[in-house]
Every structure is written in structure tokens, then in C-alpha cells.
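Derivation of every value follows stated rules applied to the coordinates shown; laboratory data play no part. Fair warning: this is a prediction, and the values are worked out from it, not measured in the lab. Cβ coordinates were reconstructed from backbone atoms using ideal geometry, including for glycine residues, and neighbour counts include every protein chain displayed.
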Ligand code: ADP
């Protein structure tokens, strides 16, 4: 089963996506990571993207859809996780033309504003592989202070992980992305998980959902 994660910022999509990638052989597509890679290239497009992300707004469908379609070409038949797409109803409708919805489920990681804000403001990321770490949560701290466990480079704070931009990103989620949940609920493709739980428990719940869907399909 392919998985689409839908969640407010800093709910844990990336962390859970990483677990699934490492343990279950998924190909993870994070539109946020794709955009940050574009910024790192220091192109004119990257500069435009940086400006929009720093305001907590959404990138245009034209740009994001092009990046996404290029990424889909690399999947090589693997099952995939979509982390950060679709974020609008229009994106959800476009996605129907690209993926096989019968083999895909949507998981909503449900979180409240305060918990998400705390996680966002305590987050560090690896500029090379995009893995998220936490300054506060012992389960998600790097083994060595401020250094990525895998790439051994210095971790950074994302430009949009500040209080003001976080609030705007959360509002954008409520206005633009929450309606996408009803779209998948109507298609009977929506599963909800309490994202305030520990990472391990969230991961267990995701695996339970995947198992139950597989059993239903047989
Ligand atoms: P988070 O979920 O913590 O906000 P992401 O890395 O998923 O982090 O996204 C960071 C930013 O990238 C978003 O605030 C938005 O500006 C942009 N972005 C990511 N995915 C999309 C998308 N599907 N459509 C438009 N903008 C996107």
C-alpha cells in the first residue's frame, strides 16, 4: 500500500516517513525536502521558493507538480510515501491522475497547535539528508550533539521553524489542507492517528493500519 501523509506542520510526517523508508522499503517523497534541495542549488527558482516558504505560504501548483512528477520517475516500482502532498484540493485532484488510488491510503496525523509549535521550535534538521531531530525529545535527539547520525554534518534550524512563520503555516494548513481530508474520507481512504503520541506508538499504529488494510484486500 502506498501512503499519503496529511498533517499540520511538525506533526511528524517526516519522522514516520523515515521509519517506513528504513524498515519497510518505502520510497519517501517529501515535497518540502525537494523544495529545500532546489533552494540549496542557489538558482533563481530556488530564491523564489525560499521567499515563499519563509512567509509560511504555499508554492504554486505548477512548480510543485513539476518537481513531484520528476520524483515519481525515480520510484522504480517501489511503494511510496507522499509527505507534504497534496496540500490543497486542487493538488489532490491532480494526484488522482498520477497514482493508483486503489493501492493507496491516506493517514492523517492529528495534532493540536501547541504541541506542533513546540515540536517545530525544538526541531533541527540535517541539511544533507533532511532527517529531523529534536533538541527536546530524547527519542529524537542526535547521538552526538548537533550532528546528523548518518551524514555526520552539522544540524541546522529550518528558516521557517520560528514562531511567526509557524503560526502562518498552521493557519495555511487549516485553510488549504484540512479540506483535503474530506476528499479522502468521501473516497473511504482516510485513517486518523493521534500524533501527540510517542513516535514509536505512532509507528506501531501506522503498521496496524497497513496490516488491516492488507487483510481487507485479501
Ligand atoms: P511542514 O510540514 O513542517 O510545514 P514541509 O517540509 O512539508 O514542512 O513543507 C515546508 C514548506 O514547503 C511549506 O510550508 C510550503 O511552503 C512548502 N510546501 C511543501 N509541500 C508543498 C506543497 N505540496 N504545495 C505547496 N507548498 C508546499
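By its C-alpha gyration tensor, with a ≥ b ≥ c as the square roots of the eigenvalues, how is region 122-161 shaped: rounded for a/c under 1.5, else prolate for a/b larger than b/c, else oblate? Since a/c reaches 1.5 but b/c is at least a/b, the shape of region 122-161 is classed as oblate.
For the residues 159, 61, 194, a GNM of the chain with alpha-carbon springs under 10 Å puts the largest fluctuation on 159. Enclosing the Cα atoms of the chain in their convex hull gives a volume equal to 120 cubic angstrom per residue. Which of 204, 21, 71 moves the most in a Gaussian network model of the chain with Cα springs under 10 Å? Fluctuation is largest for 204. By the count of neighbouring beta-carbon atoms within 10 Å, fewest first, 94, 30 end up ordered 94, 30.
For region 102-169, the alpha-carbon radius of gyration amounts to 1.27 times the rule-of-thumb value 2.2 N^0.38 Å expected for a compact globular protein. The mean sequence distance of close C-alpha pairs (under 8 Å, at least 6 residues apart), as a share of the length of the chain, puts its relative contact order at 31 percent.
With the Cα gyration tensor of region 38-156 giving a ≥ b ≥ c as the square roots of its eigenvalues, does the rule (a/c under 1.5 for rounded; else a/b larger than b/c for prolate; else oblate) give rounded, prolate or oblate? In terms of gyration-tensor shape, prolate.
Just check region 177-217 against the gyration tensor rule for me: Cα atoms, a ≥ b ≥ c as the square roots of the eigenvalues, rounded for a/c under 1.5, and otherwise prolate or oblate depending on whether a/b exceeds b/c. Intermediate values should be presented prior to the final figure.
Values: a/c = 4.33, a/b = 1.19, b/c = 3.64.
Judged from the Cα gyration tensor, region 177-217 comes out oblate (a/c at least 1.5, b/c at or above a/b).
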